[in-house]
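A.B. asks: Below: one structure in C-alpha cells.
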Amino acid sequence: KPEVVRGCVGLAAVVWAAAALGGFVQSMAGFGGAIVIMALLPFALPISEAAAVGDVITMVLSFSMFGQYRLAVDYRRIGWPAAAYLITSMAAIWSMRFIPAERLRGLFGFFLLGLAIYFMFFANGAAVPAGRLSQLSCGGLAGLCGGFFGISGPAISLYYLAAMGTKEAYLGTINAFFSLTVVANLAGRIANGHLSGVMFPIVIAGVASILVGSAAGKAVAVRISMENMKRCVYVLMIFA
C-alpha cells in the first residue's frame with residue numbers, strides 16, 4: 001500500500017539521518033554519537049525499539065575504537081563496572097514491558113533535559129574517586145540509562161576518566177566496556193521483543209550511515225571547534 005511504503009521510506013530516512021549525524025558528531029567531539037541518535041530516533045520509533053536500533057548502530061563505533069586502542073586497554077578495570085551495568089541494564093530492559101509507551105517517552109524527555117543541563121554546567125567539574133564504589137555505582141547508573149534509553153556513556157565515563165592515566169587507555173578501556181555491554185544489551189532486547197528481523201534492513205542502513213557520517217566528520221574536523229560542536233549537541237538535546 002502507498003501509505004505503508006511512505007511509512008517505511010520515512011522511517012529509513014529518520015534512521016539514516018540520525019546515524020549520519022551521530023557518526024559526524026562522534027568523530028568531531030569524541031562523544032555524543034548515541035545521544036544524537038537517541039534524540040532523533042524516538043520521533044519515528046517507540047523508545048524500546050529506538051534503543052535497540054541505536055545499540056546496533058553505535059556498536060559499530062565501539063568495536064572500531066576498541067580495535068584501534070586495543071593495546072592500551074586495562075582489562076582489570078572492566079569486570080566490576082560491567083557486572084553492575086549488566087544487572088541494572090537487564091532489569092531496565094525487562095521492566096520496559098510494564099511501562100506505557102507515552103510515559104516512557106516523557107521520562108526520556110526529562111532524561112535528555114537533565115543530561116543537557118549536566119553537560120552545560122557541571123560536566124567539566126564532575127569527578128569521582130577511582131575505587132570499587134565508583135566502579136559499582138557508575139556501572140549501575142550507566143546500566144539503568146543504557147537499558148532504558150540507550151545512552152550509557154555519561155555515567156560510566158565519570159569513572160573511566162578518573163581511573164585511566166592516558167587518553168589512549170581511556171578510549172580503549174571504555175570502548176572495550178561498551179563492546180561487551182552492548183552485545184549483552186542486544187541479547188536482552190531481542191529476548192524481550194524490542195528488536196526483530198523486520199528491522200534488519202533499517203539497521204543495515206543505519207550502520208552504513210554512521211560510517212559515512214564518521215568519515216564526513218573527520219574530513220571537516222579542522223573547520224569546526226569542539227566547543228561549538230558540543231553546544232550544537234546540547235541544543236539538540238534540549239529541543240528533542
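The values are calculated or read from the model by the stated rules, or taken from the named source; none is laboratory data. It should be emphasised that the depicted structure is a prediction, and the values quoted were computed from it without experimental measurement. Here the Cβ positions follow ideal geometry from the backbone for every residue, glycine too, while neighbour counts run over all protein chains shown. Note: areas computed on protein heavy atoms with side chains; ligands, DNA, RNA excluded. Shrake-Rupley method; radii C 1.70, N 1.55, O 1.52, S 1.80 Å.
A.B. asks: Working only within the range 119-132, note down all residues that are at pLDDT 85 or above and in contact with a Pro (Cβ under 9 Å, 6 or more places away or on another chain).
C.D. replies: None - no residue of the range 119-132 is at pLDDT 85 or above and in contact with a Pro (Cβ under 9 Å, 6 or more places away or on another chain), so the list stays empty.
A.B. asks: Show me the helices (runs of 4 or more DSSP H) entirely contained within the range 133-240 in which 2 or more residues are in contact (Cβ under 8 Å) with a residue 12 or more places away in the chain and polar (S, T, N, Q).
C.D. replies: Where helices (runs of 4 or more DSSP H) fall fully within the range 133-240 and carry at least 2 residues being in contact (Cβ under 8 Å) with a residue 12 or more places away in the chain and polar (S, T, N, Q), they are 167-191, 200-220.
A.B. asks: Sort out which residues of the range 114-143 are of a type in the set (A, V, I, L, M) and either open to solvent by 70 Å² or more (accessible area, probe 1.4 Å) or more than 16 Å from the chain's Cα centre (by Cα) (or both), and write them in order of number.
C.D. replies: Passing the criteria: 117, 120, 123, 126, 127, 128, 130, 133, 136, 141.
A.B. asks: If I ask for residues that are surrounded by fewer than 21 Cβ atoms within 10 Å (Cβ to Cβ) and β-branched (Val, Ile, Thr), which ones from the range 152-190 would you list?
C.D. replies: 166, 183, 190
A.B. asks: A further question on this structure: List pairs: first residue in the range 89-109 and touching a residue at least 12 places away in the same chain (Cβ under 8 Å), second residue assigned to a helix (DSSP H, G or I) and among the β-branched types (Val, Ile, Thr) anywhere in the structure, Cβ distance under 9 angstrom, at least six positions apart or on different chains.
C.D. replies: Final answer for the pair search is 89/181; 96/47; 101/47; 104/47; 105/47; 107/47; 108/47.
A.B. asks: Also, I was wondering about something else. As an exercise: evaluate residue 102 against (1) modelled with pLDDT of 90 or more; (2) open to solvent by 50 Å² or more (accessible area, probe 1.4 Å) and give the number of the one condition it does not meet.
C.D. replies: Exception for residue 102: condition (1).
A.B. asks: Which count do you get for residues in the range 21-74 that are in contact with an Asp or Glu (Cβ under 7 Å, 6 or more places away or on another chain) and either in a helix (DSSP H, G or I) or without any contact (Cβ under 8 Å) to a residue 40 or more places away in the chain (or both)? Walk me through how you get there before you give the answer.
C.D. replies: Just the residues of the range 21-74 that are in contact with an Asp or Glu (Cβ under 7 Å, 6 or more places away or on another chain), to begin with: 69, 72.
Filter again for either in a helix (DSSP H, G or I) or without any contact (Cβ under 8 Å) to a residue 40 or more places away in the chain (or both), leaving 72.
Here the count works out to 1.
A.B. asks: If you don't mind, another one. Determine whether residue 66 is surrounded by fewer than 24 Cβ atoms within 10 Å (Cβ to Cβ) and either touching a Phe, Trp or Tyr at 6+ places or on another chain (Cβ under 8 Å) or closer than 21 Å to residue 215 by Cα (or both).
C.D. replies: yes
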